[in-house]
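The values are calculated or read from the model by the stated rules, or taken from the named source; none is laboratory data. Just so we're clear, the structure is a prediction, and the values are computed from it rather than from any experiment. Cβ atoms come from the backbone with ideal geometry, glycine included; neighbour counts cover every protein chain shown. Calculation scope for accessible area: heavy atoms of the full protein, side chains included, ligands and nucleic acids excluded. Shrake-Rupley method; radii C 1.70, N 1.55, O 1.52, S 1.80 Å.
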Amino acid sequence: MTLSSLGWDDFFAGAFQPFASENFLPARVALEHKHACVLLSARGEITATCTGRLLHETATRAALPAVGDWVAVRLRPESLASGAGVALVGDIHAVLPRRTAFTRRAVGDADAEQVLATNVDTVFLVTGLDRDFNLRRIERYLAVARASEAQPVVVLNKSDLHPDARGAEAEVRRITRTAPVVTLSAARGDGIAALAPWLVPGATVALLGSSGAGKSTLINRLLGKQRQDTGPLSHAMNKGRHTTTHRELLALPGGALVIDTPGLRELQLWGVDESAVAETFPEVAALAAECRFPDCTHQREPGCAVRAALDDGTLDPTRWASYEKLQREQAYAARRVDPVLARAERDRWKKIYQGQRARERIEGRWE
Ligand SMILES: Nc1nc2c(ncn2[C@@H]2O[C@H](COP(=O)(O)OP(=O)(O)OP(=O)(O)O)[C@@H](O)[C@H]2O)c(=O)[nH]1
Ligand SMILES: [Zn+2]
């Protein structure tokens, strides 16, 4: 494989400069085990471990190699001497800066950030046009994608199961605004060609979507062969259990790369900050900025622009409900793993409550 077919470009070449002279090879992480990584490089596949120095010098676990990362690796002497066909072994000395990253807070460790996949250019947000079809869920996935900096593309799968797939697509377009929407059937192969603009050689894509949306079916379709078990049976049996040992960064026949990690599959709203939620609901964010009080909770404060827009019908109540739910979940997910945040949140509500009482005293009764 050439470096460019693995996604190498000027951005990474620049970052690799300090390592260019000292027998280092650039390589991309295809699989991350507990103690070793499988790397893809111009020399072929390399099994590598981090040097003790890298382990000691990295301040956080999040800075260690993750699937999708470019690293500077040095082959062990025995690998250098070996001929073709022998498995290469090396040491990872550095992780190059990431262009994009999907992260979540590591469960049970308040400060730890877990990196699920990096350097993803495009993320396919896969929704089934069956019972899985849910505009609110698509909004959530858009927020997750935006937080990662990868470009989101909404993929409506199982078009064969929906009596009016085009109508459903039109509904989705109303909420996605700028993100492209593609309707297809991974099982039948209809509409797959519409993904071509994002599957160019060297481009990295990842798939996100709820269980059963058809991610494996789509990956198999793109690979042109059966890599993963799909079907109702394997589905029921494998739920929540991932014992995969296959590469998580795969090269597609057309030259693009696809990242499929268990962590990404399980990704819910972890790692989504409030600004990403606001970006997904620009009309709500714009209204909130107009409220009289900067800490307005949009419940029943005077001068609340959100309430006013709900009352006069300019704000869609389903969008508002969806925003509120997402905001709550985001706050809950963050709090659950972060006691400091939990305390800050309690203090914030205490202040809001005190502030409201003070306002009540000034402005008299509200209703
Ligand atoms: N009718 C129809 N069924 C599909 C289509 N794509 C996938 N399926 C079926 O939907 C079920 C789930 O598909 P998977 O590809 O396993 O879903 P997944 O998103 O990978 O699910 P997880 O592995 O749990 O994350 C399987 O029974 C597939 O055969 C499609 O386009 N049309
Ligand atoms: Zn308000």
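Using all alpha carbons of the stretch 4-97, what is the percent of pairwise distances in each 10 Å bin, ordered from the shortest bin to the longest?
17, 53, 28, 2
If each residue of separation counts as 0.36 nm, what is the full-extension length gain between Ala42 and Asp316 once their alpha-carbon separation is subtracted? Please report the intermediate quantities before stating the final value.
On the way: separation 274, 0.36 × 274 = 98.64 nm, distance 5.26 nm.
Stretched out fully, the Ala42 to Asp316 stretch lengthens by 93.4 nm.
Need one number: nm distance between label points at Thr51 and Arg247, each 7 Å from Cα along Cα→Cβ, rounded to one decimal.
For the pair Thr51/Arg247, the computed spacing is 2.6 nm.
Which FRET efficiency, nearest 0.05, do Thr2 and Arg173 yield, Cβ-Cβ r, R0 51 Å?
0.85
Tell me which GluC sites (Glu not before Pro) from the stretch 21-69 have a DSSP coil assignment and no more than 13 other beta carbons within 10 Å of their own.
Glu22
At a Förster distance of 35 Å, what's the computed FRET efficiency of Ala193 paired with Glu279, Cβ-Cβ distance as r, to 0.05?
On the way: r = 30 Å, r/R0 = 0.86.
Efficiency computed from Cβ-Cβ geometry: 0.70.
If you roll a 1.4 Å probe over the stretch 4-97 with all protein chains in place, what percent of the accessible area is carbon or sulfur? Please report the intermediate quantities before stating the final value.
On the way: 2650 of 4720 Å².
Of the solvent-accessible surface of the stretch 4-97, carbon and sulfur hold 56 percent.
Enumerate the residues in the stretch 1-36 having an amide nitrogen under 11 Å from the point lying 7 Å beyond the Cα of Leu80 toward its Cβ.
22-24
How many angstrom separate the Cα center of the stretch 163-229 from the Cα center of the stretch 284-326?
Value for the Cα centre distance between the two parts: 34 Å.
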